[in-house]
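Before any comments, here is the structure.
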Amino acid sequence: MFFGRLTWLVLCLGVSLVTATLAGEPPNLLNYIYIDASEGNSSGGHVALQFNGTVYHFQHVDPGLIQLFRENTGDFEYRYRYLENRNLEVSRIGVTDDTFQLLRDYFEQRYQTQKRQFELLHALDQEKRLLQMIARSDRDRKAIPDQEGLPLPGAGLFFSQNELAEAWHQHIPSSKDLILSQLRREVQQRYGADFLARHIRAVDQTLQELTPPDRDPEKFDLSSRNLVPADYTFYHRYRDLVLKRLALQTLEEARPLKQGVHLRPEAPAFRLGPKATEAMCLFQQKLKEGILDLVDSRRPDPGYALMVQMARLIVVTRSCESGHLAFLDLFMDGAQVFPLQELPQRPGFWQQLALEKELELRKAIHHLETGEPLTETAYSLLETKANRYFELRSGIETGRPIRLFGLYSLPDQTLSFSNPAPSRLPTSTLIQASESSERLRKVYLASLKNFYRYHLLSKNCVTEIFHTLEQAIQQKPTQHPGQKNGNAIREESIRRLGGYIDPGLPGFIPFVSSKKVREHYRIIATQRLESYRHERLAAMPEKRKGLLGYLKESSTLTSTFYHPNGNDSFFLFFTDDALFPRPLYGATNTLAALLQSITGLALLPFDHGHMLHQGALGLMSSIVELAFFNIRKGSYVYTPPGKPGLSGPVQ
């Protein structure tokens, strides 16, 4: 169905609390999940397939395609059940080990294939823009805004946006970082005194001479095979060369980390004991050796890795020398901030959550005292826990807004590169290459649409799950060789899943598919996981229940745990727990949306149609409630994660 809120797909605050612990989970946990309807994305409902700790589901994406996504089970449940406040209906399908492995492997294979296909589409679009940028920069170096430039992940660790534009053409005097100065000396001792300068000149020359390749459009036509064309695009190569050049320049100049990208808190929770400090010092040597190997690597894309490893070397060395944990800021650029006072929770909630995060951090640091060598993975987890606790603690102590979402496992710090080196190619050649890249992108997009064109009824989040299940079953030799292919697939599906569901049925919609799964497949258990609001209503003290309590919580104006936010259009009554009053509530919500739309018309010159758009969405959502269909549930910008339901055995 429609594309979900990508903001919540990244690592979020609740992940550590809601992610399943699979060690005690029985094998072959194959669940068909129906997510009920709500306003906004996937408004008609949504479906997904869970394999133990991983969920696969299809979503509608621009430009008119349907794409397979993969999520951690805990993230998926938290987003739909808590943030989007939807009920989940879970049907557990009984399968053998062989069938479970067959289906899971096929879904993963399709996910990886399609992911690479969509990444190539994005790369071809970026290639066109990059070639246009280089052609324009040859004519007018001030003509390109930063927002139109080439995104360079990791560049912000050592450069500001202004420095990046200037650094390409001249060395900028700056204070030297002693740690990178020592590393530079070790590079020179190993590879020669002019190694860095020589490699920087070589990269500059390669960039100036870099020529867009001539490519055969037929290789980008996927009509005959569902594969990914092997293409290291001009965009990829140019970006990787620029990042390599900046990384080498960073080391050559021994540039210090930019202010704000690293944190050095002095609180007791960040103190390292003797063994933990020793582990940091050993990890520092490991990082240094890795950088010394990487700087002379033949891989085409060492730039980002070098940036991150040099930044980590600096903070790990400081941790080793001071006995206090220093670390990089892992939150994504532009992560949304939330004032804690605008996220009402039970008294003491944030302090309790900060205490839990402090205990997680202390436990991770204490683990270093065992003498076990610190690995890249273990350090990354430690870095993540330190970021989470520091963010909460500083927000509580200073009152500043905090970042709840957008925590990456590696630093982002992306800058926009809009001042490319002059190309030795004629401007006309660059423009022709840009036009050629655009034609190739159109050919490739048309080819992708042959496979993945979205259709509301015949190719949606439901039909694609059953098509994929059918394709997976076809991978195994049928046990019914005498039958025609269609009948053989049906019989094989019955043998493996307990039944067969035709993926080509017209009008296949989410709630119908859930019913069909329970009727036709080998269902060994079912479960209904209540939405966040329903959980809160059930947990209300008895003294707050009854008619008055119900009336209070039924309206968005008086509810004690719902607060209007920009994700929801304006409405007055929840309809998710009101069957017989639903048409009346729906009529009231429709009237409210109509009034909002009229107000939006008056404000059109001032708010660029935002309120009118919200009113129209509210009208579409509320009108269907007149026919007893529930839409208006409300959503939340943040909720405390509850007890996970998808992660354990279905009851």
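No value in this document is a laboratory result; all are computed from the given coordinates. Fair warning: this is a prediction, and the values are worked out from it, not measured in the lab. For neighbour counting, all protein chains shown are included, and Cβ atoms are generated from backbone atoms with ideal geometry for every residue, glycine included.
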Obtain the radius of gyration and the Kirkwood radius of segment 145-417 from its C-alpha atoms and give Rg over Rh.
1.02
Can you give me the C-alpha center-to-center distance between segment 294-316 and segment 537-612, rounded to a whole angstrom?
52
Only one of the listed values, [x] 43.0; [y] 30.2; [z] 33.9, was derived from the coordinates as mean projected area of the Cα convex hull in nm²; which label is it?
[z]
Suppose R0 equals 22 Å. What FRET efficiency, 1/(1 + (r/R0)^6) with r the Cβ-Cβ distance, do residue 526 and residue 577 give to the nearest 0.05?
0.60
Can you give the extra length, in nm with one decimal, that the chain gains between residue 545 and residue 129 once fully stretched, where that is 0.36 nm per residue apart less the Cα-Cα distance?
143.8 nm
For the pair residue 474/residue 62, report the inter-label distance in nm, with labels modelled 7 Å from Cα in the Cβ direction.
3.3
Helix axis angle, 234-253 relative to the chain longest principal axis, alpha carbon, degrees
50
What angle do you read, to the nearest 10 degrees and between 0 and 90, between the alpha-carbon axis of helix 274-294 and the longest principal axis of the chain?
70
How much length is gained if the chain between residue 511 and residue 491 is pulled fully straight, taking 0.36 nm per residue apart and subtracting their Cα-Cα distance, in nm to one decimal?
4.7 nm
Each label point is 7 Å from the Cα along the Cα-to-Cβ direction; what then is the distance between the points at residue 446 and residue 432, in nm?
2.2
On a 0 to 90 degree scale, rounded to 10, what angle separates helix 349-368 from the longest Cα axis of the chain?
50
For segment 540-627, the dipole about the Cα centre with charges only on Cβ (Lys and Arg +1, Asp and Glu -1), to the nearest 20 debye, works out at 260
Rounded to 0.05, the calculated FRET efficiency for the beta carbons of residue 558 and residue 608 at R₀ = 30 Å is 0.40
For residue 375 and residue 264, compute 0.36 nm times the residue count separating them, minus their Cα-Cα distance, and round to one decimal in nm.
37.8 nm
Straight-distance crosslink candidates among lysines, where the alpha carbon sits under 22 Å from residue 176 and sequence neighbours closer than 8 are dropped
244, 258, 288
Charges only on Cβ, +1 for Lys and Arg, -1 for Asp and Glu: so what's the dipole of segment 145-417 about the Cα centre, in debye to the nearest 20?
640
Can you list the HN-Hα couplings for segment 295-300, worked out from phi with the Karplus curve (6.51, -1.76, 1.60; θ = phi - 60°), rounded to whole Hz and with x for Gly and Pro?
5, 10, 6, 8, 5, x
Run the simple label-point estimate for residue 227 and residue 363 please: 7 Å along Cα→C-beta, distance reported in nm.
4.7
Residue-by-residue Karplus 3J(HN,Hα) for segment 565-570, coefficients 6.51, -1.76, 1.60, Hz, glycine and proline x
9, x, 7, 10, 6, 5
Computed magnitude of the charge dipole of the chain (debye, nearest 20; Cβ of K, R +1, Cβ of D, E -1)
500
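Ordered by packing density, taken as the mean number of other Cβ atoms within 10 Å over each peptide's residues, highest first, how do 262-270, 381-389, 440-448 rank?
381-389, 440-448, 262-270
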Paramagnetic reach from residue 198 (point 7 Å along Cα→Cβ, amide N under 18 Å) across segment 241-259:
245, 248-249, 251-253
Suppose only helical runs count, i.e. DSSP H with n ≥ 4. What mean residue ellipticity at 222 nm does that imply for the chain under -39500 (n - 2.57) per run, divided by all residues and rounded to the nearest 500 deg cm²/dmol?
-16000 deg cm²/dmol
Expected sort for 462, 203 with the fewest Cβ neighbours (10 Å cutoff) up front is 203, 462
Given a cut-off of 14 Å, what percent of all Cα-Cα pairs of segment 63-120 lie beyond it?
71
Among residues other than residue 643 whose Cβ falls under 13 Å from its Cβ, what is the net charge (Lys/Arg +1, Asp/Glu -1)?
-2
Over all directions, average the projected area of the Cα convex hull of segment 516-628 and note it in nm².
9.8
In segment 370-506, if the dipole is taken from +1 on Lys/Arg beta carbons and -1 on Asp/Glu beta carbons about the Cα centre, which of 466, 379, 413 is farthest to the positive end?
466
